[in-house]
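Take a look at the structure below.
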Amino acid sequence: MTMPETGRAAEQEPPRWGRERVRAAVRRAPHALLHGLTDPADPLPAGARPGRASWRPVLVVPLVLCAALLAVTQANSLAPDEDGAIPGFTVLLGLAQGVALVAGMFRPVLAWWASTGLLVVTVGLAEPGLGADVPYPWTVPGMFLTGGTLFLLALRVPPRRAGGALVVTLLAGAACAVFTGRPHNYDIDRAVPILLAVVVVGSSLRGLRKARRETDAQAELTAEERNLRTLLEERNRIARELHDVVAHHMSVISIQAQVAPHLVENPSDELRENLAGIRENAVTALTELRRVLGVLRSDDASADSLRHAPQPTLDQLDALLGRVRTAGLTVTAETTGLPRALPPGVGLTAFRIVQEALSNVLRHAPGAEVQVEIAYRSSAVDVRVTNTAPAGPPKPATAPGTGHGLLGMRERAAMLGGDFADGPTPGGGYEVAAILPLEGPS
């Protein structure tokens, strides 16, 4: 019989650990509040974004003028009713409160403490001479001065700290209202909603600024990741193509080493051994190459259909020009020097540069005329693609990720130890040029 009653009593009584946590929180509240109101504020924004003027000089000058006007008005509001003369201490205290408001632009925590202390000192000194109709403990300009420092504080500290500052300010005003020797026109009830609204607006603007800063940082990070991803994708594409070229030649070496002994009458054992070693090394190198780089093809679905297709070279340049002419592009080609077979990597890179340059003209310079120049030299091959000014606006991008073709051209030329340059021409067109050495990077 006693067990159920005990259970009900335990259910009705709050857990002891919960009460202890509440007591501990209450004991820590003053220390946490004081500690929070002495921590430095957030640093000033780093400044304007590129292309925008800084906001500080624009706001400091009006703030100084407003603070000076409020300081003079505050000194006049605290003048005694008897003779209307303004005591010197009220002028000094009013100026000090104005200085605290301006300082809130740079040191909001210290400025708020100074403003709160000046409020108590000013009220304590001026209270005996104030008339019954003067708002107390905040005069109208005093309310603006206090609200201004709270607003600047809320812009730079977390909402919890701004709320603590508001509570301290209201408690200081309430204490001034309690310890008086004569009746006054108390305005605590009017100060609460005004100062609360000031803190809420300041905290909201701080939150918006913080959110905008995080959004800008995320956008910048996203752009960097997009560029890096594009670079990696282009490098993977280059690696896949080089894999095909190298794998083809290694296969040819292996086959030739296997067939060579049959082409010689009575080959010596030493020759057979050397050719077998060549074939074995070629097969091993080919296996390692496919193991390391073959995974690049597995990530590209389009590569499956091209797995056994030969890589293009400048021998297919006429077919490429015919396709772009069919698409409506006016292209002329000029070849200087003696055309000859190029190393696979050089031929592939030269073809890809011309192909990407023509694609860029189709996308970004509709109606332009294009000149393709290929110059064969003894140690290098020069590729130059020049287009005139476009006849109309560029076509909109049909897929995300476009606009990085120049990056791929530069990567291909650098891989071979060559040089790449691009830029606008005097007539409003654009030029792409590359020098591709035949020997490769040294």
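The values are calculated or read from the model by the stated rules, or taken from the named source; none is laboratory data. These numbers come from a predicted model, not from an experiment. Note that each Cβ is placed from the backbone with ideal geometry, even for glycine, and that neighbours are counted across all protein chains shown. The accessibility values were calculated without ligands, DNA or RNA, using every heavy atom of the protein model including side chains. Shrake-Rupley method; radii C 1.70, N 1.55, O 1.52, S 1.80 Å.
Taking every residue in region 176-190 that is part of a helix (DSSP H, G or I) and pairing it with any residue that is open to solvent by less than 90 Å² (accessible area, probe 1.4 Å) and β-branched (Val, Ile, Thr), at least 6 positions away or on another chain, the pairs with Cβ-Cβ distances below 9 Å are 176/120; 176/123; 177/123; 177/188. Looking across 350, 365, 380, 391, one residue alone is touching a residue at least 24 places away in the same chain (Cβ under 8 Å) and under 33 Å from the mean Cα position of the chain (by Cα). It is 365.
Return the residues of region 125-154 that are open to solvent by less than 20 Å² (accessible area, probe 1.4 Å), among the aliphatic types (A, V, I, L, M) and in contact with a His (Cβ under 8 Å, 6 or more places away or on another chain); say none if nothing qualifies. Across region 125-154, the qualifying residue is only 130. For region 118-154, a residue qualifies if it is more than 20 Å from residue 95 (Cβ to Cβ), part of a helix (DSSP H, G or I) and touching a Phe, Trp or Tyr at 6+ places or on another chain (Cβ under 9 Å), and exactly one does: 153. Screening residue 166 on (1) modelled with pLDDT under 90; (2) open to solvent by 10 Å² or more (accessible area, probe 1.4 Å) shows it passes everything except condition (1).
Please name all residue pairs, on different chains or six or more residues apart, with Cβ atoms under 7 Å, provided the first residue is in region 328-341 and is at positive phi and the second residue is open to solvent by 80 Å² or more (accessible area, probe 1.4 Å). Pairs that qualify, where the first residue is at positive phi and the partner is open to solvent by 80 Å² or more (accessible area, probe 1.4 Å), are 337/377.
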